[in-house]
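Colleague: Sending over a structure as structure tokens; questions will come in a sec.
The values are calculated or read from the model by the stated rules, or taken from the named source; none is laboratory data. Bear in mind that the values here come from a model prediction, so they are computed numbers and not experimental data. Cβ placement follows ideal geometry from the backbone for every residue including glycine, while neighbour counts extend to all protein chains displayed. Just so you know, the surface numbers come from the protein's heavy atoms only, side chains and all, with ligands and any DNA or RNA stripped out. Shrake-Rupley method; radii C 1.70, N 1.55, O 1.52, S 1.80 Å.
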Amino acid sequence: MIEPRLVLLEQDAVLALSQILGIMLDDLFDGADSSGWNSERILDLEARLMAPAEEEGVLLGIDDAALLLQGMAFTEVMSQDLPWIESVRWVTDFITEELRQHWTEDEWRKFT
């Protein structure tokens with residue numbers, strides 16, 4: 001088992017990641033989802049992100065990070081035809097780098 005990590009997130013990052021989880025929930029409730037996302041899991045992760053952390057961080061497992069990365073990738077795909085797609089791609093790359101850095105490449109390979 002890969003141990004969860006305390007991830008320090010700026011308040012703006014927390015809000016952005018919560019927005020991504022909201023988009024994932026909207027997709028689930030619209031009945032269009034085929035990704036296997038679970039609404040309870042998304043709501044649990046959103047609650048942990050939004051809760052004030054005593055240690056000024058959020059305890060995330062690699063599975064939590066993977067879920068957030070899936071949501072970011074979904075958001076990017078759904079934004080393909082928007083005029084600000086380049087900004088979305090930049091944010092996707094940034095979030096991916098920020099979240100992935102807390103686990104080694106070996107841990108990511110083991111997880112997948």
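Colleague: Tell me the per residue accessible area of the chain using a 1.4 Å probe; a whole number in Å² is fine.
Modeller: For the chain, the solvent-accessible area averages 65 Å² per residue.
Colleague: Tell me which of T96, M50, I85 sits at the most positive position along the dipole axis of the chain, charges placed on C-beta atoms (Lys, Arg +1; Asp, Glu -1).
Modeller: T96
Colleague: Okay, next question. At a temperature of 10 °C and a viscosity of 1.306 mPa s, determine how fast the chain diffuses translationally according to Stokes-Einstein, using the Kirkwood radius over alpha-carbon pairs as Rh; express D in µm²/s, rounded to the nearest whole number.
Modeller: Answer from the Stokes-Einstein relation: 108 µm²/s.
Colleague: For M50, what accessible surface area do you get with a 1.4 Å probe? Give it in Å², rounded to 10.
Modeller: Here the accessible area works out near 90 Å².
Colleague: Continuing with this model, one more query. Please give me, ordered by residue number, the GluC sites (Glu not before Pro) of region 6-112 that lie in loop per DSSP and have at most 14 other Cβ atoms within 10 Å.
Modeller: Here the sparse-neighbourhood loop sites are E10, E54, E55, E56.
Colleague: Here is a further query. Select from L21, L49, L82 the residue whose mean-square fluctuation is largest in a Gaussian network model of the chain (Cα-Cα springs shorter than 10 Å).
Modeller: Checking each option, the largest mean-square fluctuation is seen for L82.
Colleague: Once amide H atoms are built 1.01 Å from N in the peptide plane, which residues 5 or more positions from L59, or in another chain, come under 5 Å H to H?
Modeller: V7
Colleague: Continuing with this model, one more query. Between R41 and L59, what length in nm is gained on full extension when 0.36 nm per residue of separation is reduced by their alpha carbon distance?
Modeller: Between R41 and L59, full extension yields 5.0 nm more.
Colleague: Ignoring ligands, DNA and RNA, what percent of the 1.4 Å accessible area of the chain is carbon and sulfur?
Modeller: About 54 percent, which is the carbon plus sulfur part of the accessible surface.
Colleague: Provide the gained length on full extension for the span T104 to D26, in nm with one decimal, where the gain is 0.36 nm per separating residue minus the Cα-Cα distance.
Modeller: The T104-D26 span can extend by a further 24.9 nm.
Colleague: For the chain, with only Lys/Arg (+1) and Asp/Glu (-1) charged at the beta-carbon, what is the dipole magnitude about the Cα centre, in debye rounded to 20?
Modeller: 220 debye
Colleague: Let me check against my output: what whole-number percent is the relative contact order of the chain, with C-alpha pairs under 8 Å and at least 6 apart?
Modeller: Reported relative contact order: 37 percent.
Colleague: If each DSSP helix of 4+ residues adds -39,500 (n - 2.57) and the sum is divided by the residues in the chain, what number results at 222 nm, nearest 500 deg cm²/dmol?
Modeller: -20500 deg cm²/dmol
Colleague: For an R0 of 25 angstrom, estimate the FRET efficiency from the Cβ-Cβ distance between D93 and L6 and round to the nearest 0.05.
Modeller: Efficiency, rounded to the nearest 0.05: 0.60.
Colleague: Work out from phi, with θ = phi - 60° and the Karplus expression 6.51 cos²θ - 1.76 cosθ + 1.60, the ³J(HN,Hα) of each residue of region 42-48, listed in order in whole Hz, and give x for Gly and Pro.
Modeller: Each residue of region 42-48 in turn: 5, 5, 5, 5, 4, 4, 5 Hz.
Colleague: Along the charge dipole of region 1-110, which of I62, A13, M72 sits closest to the positive end, that is, farthest toward it, with unit charges on the beta carbon of Lys, Arg, Asp and Glu (+1, +1, -1, -1)?
Modeller: Ranked along the dipole, the leading option is I62.
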